[in-house]
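Bear in mind that the values in this text are calculations on the coordinates, not laboratory data. Treat the numbers as computed from the prediction; the structure is a model and nothing was measured. Cβ: placed from backbone, ideal geometry, glycine included. Neighbour counts: every protein chain shown.
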Amino acid sequence: MRGAEVVVEGVGKAFGRISALREVSLKVAPGEAIAITGPSGSGKSTLLALIGGLEQPDSGEVLIDGRPLWHGRDLARERRELVGFVFQSHLLLGTLSARANVEVPLIGAGMHRAQRRARALELLDRVGLDERAEHVPAQLSGGERQRVAVARALANEPRLLLADEPTGALDSATSERVLDLLFELRDRLGMTMLVVSYDSAIGARADRTVTLVDGQIRSDGTSAPADGSPPSISRASDVGTQDRTGR
Ligand SMILES: Nc1ncnc2c1ncn2[C@@H]1O[C@H](COP(=O)(O)OP(=O)(O)OP(=O)(O)O)[C@@H](O)[C@H]1O
Ligand SMILES: [Mg+2]
């Protein structure tokens, strides 16, 4: 399996008089891991929603694997098969156990019940919730629910992971564990990842960090190398030619 290629071309999105995104262009190669940062209200969640096909842009275009997202595509079906989402609000199903929540994306995939269960339990184990598998969301802490949401997003091995602060509620050790899982899937399956986060641990592991300010890309560059030398920054308009120097 190969990760999805994502191209955002001059995308604009307004909510009433609020301009959430202005002329945003971004190119993400298959298997690339991008950290997205920027102040509150800068448009990070809106950008993920547009790439995931949850919102339609007012102008510009989102292309997945070279095809425009909003032209004659069965978005609901493609989303299910292609994209794993981790939202800021976890949206777990309240009546289902952690395990059953993780199994939800696998139900449409024609997987046997025993196999689904095994996959869900393995993922919950990976995020440190093996002993919480049969608890419903109301019996879980915020960080535990967040980890169930991560496990669910990864259950069907998506070609594209869109995660909005997946480690926001987690201590650094637990957060490290979740990141290990994300990056292992990236390395093993070539999954493309866009992760909104203020967590510097994600920035350090990502291939690039994109910073949004006021609905525009302020910087888009390779993450700072471990030797402490400054990261290479390319202008937003140059993103087609990724600067891979120093890596
Ligand atoms: N559905 C909506 N209706 C109206 N305004 C919205 C809507 N969604 C987002 N906005 C506005 O668009 C701007 C960008 O919002 P967005 O949620 O993308 O920011 P963000 O960078 O994710 O912020 P945070 O770090 O706080 O999550 C904000 O000014 C926000 O108030
Ligand atoms: Mg947000």
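For the pair ARG218 and SER59, the difference between a 0.36 nm per residue extended length and the Cα-Cα distance amounts to 55.3 nm.
Modelled spin labels at GLN88 and ALA109, positioned 7 Å past Cα toward Cβ, are 2.8 nm from each other. Bridge orientation summary for the stretch 6-238: considering DSSP beta bridges with both residues in this region, about 55 percent are antiparallel.
One decimal place: the segment ALA138-LEU75 gains 19.6 nm when fully extended, by the rule 0.36 nm per residue minus the C-alpha distance. Proximity of backbone amide H atoms, modeled 1.01 Å from N, is registered between ALA20 and LYS13, ALA14, PHE15 at under 5 Å, excluding neighbours fewer than 5 places apart on the same chain.
Give, in nm to one decimal, the length gained when the segment between GLU9 and SER40 is fully stretched (0.36 nm per residue of separation minus the Cα-Cα distance). Can you show the working numbers first?
Details: separation 31, 0.36 × 31 = 11.16 nm, distance 2.29 nm.
Net length gain for the segment: 8.9 nm.
Sorting the segments 95-105, 32-42, 151-161 by their mean number of nearby beta carbons within 10 angstrom, highest to lowest, gives 151-161, 95-105, 32-42.
Packing, as the average of other Cβ atoms within 10 Å across residues, places the peptides 142-148, 181-187 in the order 142-148, 181-187, highest first.
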